[in-house]
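Have a look at the structure below, then the notes.
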Amino acid sequence: MPLTPAAHGPTPATSFERLLSIMNDLRANCPWDMKQTMESLRHLTIEETYELSDSILDGDIQEVKKELGDIMLHLVFYAKIGEESGAFNITDVLNGICEKLIHRHPHIYSDVEVQNEEDVKRNWEQLKLKEGNKSVLAGVPSSLPALVKASRIQEKARGVGFDWEEKSQVWDKVEEEMREFRDEFNAVDDQIIDHEKAEGEFGDLLFSLINYARFININPENALEKTNKKFIKRFQYLESKAQENGKQLKDMTLAEMDQFWNEAKKL
């Protein structure tokens, strides 16, 4: 099979077949590719996924395209390894997801009627239970970062009707958790009374804030990462201005640093 696109222009099918052909060549002839296992690829796949996430938040559409290609390569790589062990191949993978999508969308491929997005989500979770999942929350990966995991837990619970009715109720819960967290501090010297309990209350507060964010259609992971990026830019501006003035941050007063910080905020 030629490794260059067809003269009349590639199609999705021919481009995918080209990638499979290249993967076969690499697996057969490249020392690095020959050595890889699912376990050795795992951390690289996680890294590629975070790089895709960064490019999406940065709004860099060309970088999104590049990172999607990197992830596609990893998916094909895993399928190739599965084929070599006789466990599955890329055709099994693609047919498997096609069948699942058809089964999970009876409002498209059958006679089930839905009124909105929430109906679709509820049907999805109910079908997963019928397929043998013992819990609605079983599909939440244990290795997810805690912030993302909290969002997914709440979304899945909502899918079966376990949710607050009004966002005002959720905000009341946020304020309740804030009071309970604050109660774990000594009012005189502001010191934690019981560190373990304070940690638990802080976790409850974060969980309730994530819940409220869901009610107002804010993705907490995206929101926090955008704040991280904003802080990095402002802090690096502060560092650059300090260097221009021949100073090191550790030798500057807070008032001096605040001046540059406020400049960065205006920028």
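The lysines within cross-link reach of residue 80, meaning a Cα-to-Cα straight distance under 24 Å and a gap of 8 or more places when in the same chain, are 35, 65, 66, 100. Taken over the C-alpha atoms, region 1-153 has Rg and Dmax values of 18.9, 54 angstrom.
Given a Förster radius of 22 Å and the C-beta distance between residue 116 and residue 149 as r, what FRET efficiency does 1/(1 + (r/R0)^6) yield to the nearest 0.05? The formula returns an efficiency of 0.25 here.
Loop-located GluC sites (Glu not before Pro) across region 46-95 with a Cβ neighbour count of 12 or fewer within 10 Å are lacking, with loop assigned by DSSP.
For the chain, the longest principal axis of the C-alpha atoms and the axis of helix 167-182 are separated by about 60°. Using the alpha-carbon positions of region 157-232, Rg (one decimal) and Dmax (whole number) come out as 14.9, 45 Å. By a straight-distance test (C-alpha under 18 Å), which lysines pair with residue 266 as possible cross-link partners, with residues fewer than eight away in the same chain excluded? Answer for residue 266, where 18 Å is the Cα cut-off: 226, 229, 230, 233, 241, listed by chain and number. In summary, the convex hull built on the alpha carbon positions of region 222-266 has an orientation-averaged projected area of 3.2 nm².
Only DSSP H runs of four or more residues enter the estimate; each adds -39500 (n - 2.57), and after division by the residues of the chain the mean residue ellipticity at 222 nm equals -23500 deg cm²/dmol.
Quick one: angle between helix 12-29 and the longest Cα principal axis of the chain, in degrees between 0 and 90, rounded to 10, please. Compared with the principal axis, the helix lies near 90 degrees.
In the elastic network of the chain, a GNM with C-alpha springs shorter than 10 Å, the most mobile of 227, 11, 45 is 11.
Quick one: work out Rg over Rh on the C-alpha atoms of region 93-180, Rh as Kirkwood radius.
Values: Rg = 16.1 Å, Rh = 15.2 Å.
When Rh is taken as the Kirkwood radius, the ratio is 1.06.
So which residue, out of 80, 100, 121, gets the largest mean-square fluctuation from a GNM of the chain using Cα contacts under 10 Å as springs? In this elastic network of the chain, the residue with the biggest mean-square fluctuation among 80, 100, 121 is 100.
Quick check on the chain: what does the Kirkwood estimate of hydrodynamic radius come out to from the alpha carbon pairs, in Å? Mind dumping the intermediate values first?
Working: mean 1/r = 0.0419 Å⁻¹.
Its Kirkwood hydrodynamic radius stands at 23.8 Å.
In plain terms, the bigger the Kirkwood radius, the slower the diffusion; for region 12-99, with that radius from Cα pairs, at 20 °C and 1.002 mPa s, Stokes-Einstein puts D at 153 µm²/s. Modelled label positions at residue 33 and residue 72, each set 7 Å beyond Cα in the direction of Cβ, lie 1.6 nm from each other. In terms of overall dimensions, the C-alpha atoms belonging to region 113-267 reach 67, 39, 30 Å along their principal axes, ordered largest to smallest.
Each value in this text was obtained by applying a stated rule to the coordinates, not by laboratory testing. These figures come from a predicted structure and were not determined experimentally. Note that each Cβ is placed from the backbone with ideal geometry, even for glycine, and that neighbours are counted across all protein chains shown.
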